[in-house]
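The values are calculated or read from the model by the stated rules, or taken from the named source; none is laboratory data. The structure presented is a predicted model; accordingly, all values stated were derived computationally and were not measured. All Cβ positions, even for glycine, are placed from backbone atoms using ideal geometry, and neighbour counts span all protein chains on display. The accessibility values were calculated without ligands, DNA or RNA, using every heavy atom of the protein model including side chains. Shrake-Rupley method; radii C 1.70, N 1.55, O 1.52, S 1.80 Å.
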Amino acid sequence: MAKLDIYLARHGQTAANAAGVLQGSSINPPLNELGRRQANALAIAMKDEQLDWIVTSGLDRAIETANTVAKYHENTPFLSDSRLNEISWGEQDGVNISEAKSVVDKVAHGWMNGDFDAKIAGGESANEAKARILEAFTDILKVARERNYHKIAVCIHGRIMRVIMGTL
C-alpha cells in the first residue's frame, strides 16, 4: 500500500464545552461561534491538501467541523461513522465537569492503573470504546487501500483521539 496520511482533528468548541459540561456520546450540541471559527480555521489550513476522503463521527459537532473542511473539497467522499463517536460517560453525560469530577476521576484513575474495563454507570469503558474505534479504523484503512487513497481527514473527539494515539 502506498503512503497514507491521516489528519486527525478534534471538533470545534460547543456551548457545552465552554460551560464545562461533560460531553459524551449522548450529548449532541452544535458548534458555538468560537467552534465555527475554529472549524473554519481548520478548513483554511487544509484547503490546499488533496484530500481523498473526509471521515467524521456521527455527532453534530464533528459533522459540522468536517462539513466546514469539505467546503474546500467539493468532490471528496464524505463518511459519517457513529463508531467514531465520543466515549459514553453514561449517567455523567451532560453533567458539569466539576460536579462529575469525583466519579470521572475514579474511572480515570482505574484507566491509569491498567483497569481499562472501569466505567461510569451506564457508560462505556476504555476497552469498549477502543474495540469500536479499532473496528472503524480497520474498515477505514481497508477502504483507503482498496480505493488507493493517500490523504484522509478524520474529525473526531478528544477522548477518541487519546484512544487512537494510545493504541498506535
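Structure summary
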item	result
Any chance A15 is surrounded by fewer than 16 Cβ atoms within 10 Å (Cβ to Cβ), without any contact (Cβ under 8 Å) to a residue 24 or more places away in the chain and in contact with a Pro (Cβ under 7 Å, 6 or more places away or on another chain)	yes
Failed criterion for S25 (all others in (1) part of a helix (DSSP H, G or I); (2) out of contact with any strand residue (DSSP E or B) (no Cβ under 9 Å at 6 or more places or on another chain) hold)	(1)
Search result, residues across the stretch 136-168 that are under 22 Å from G12 (Cα atoms) and open to solvent by 90 Å² or more (accessible area, probe 1.4 Å)	R162, M165
Selection from the stretch 115-165 of residues that are among the β-branched types (V, I, T), over 14 Å from S88 (Cβ atoms) and within 11 Å of the chain's Cα centre (by Cα)	V154, I156, I164
The stretch 37-56, subset touching a residue at least 12 places away in the same chain (Cβ under 8 Å) and closer than 20 Å to A18 by Cβ, residue most open to solvent (accessible area, probe 1.4 Å)	R37
Residue list for the stretch 48-63, filter: assigned to a loop (DSSP other than H, G, I, E, B) and either closer than 27 Å to D139 by Cβ or modelled with pLDDT under 95 (or both)	E49, Q50, L51, D52, S57, G58, L59
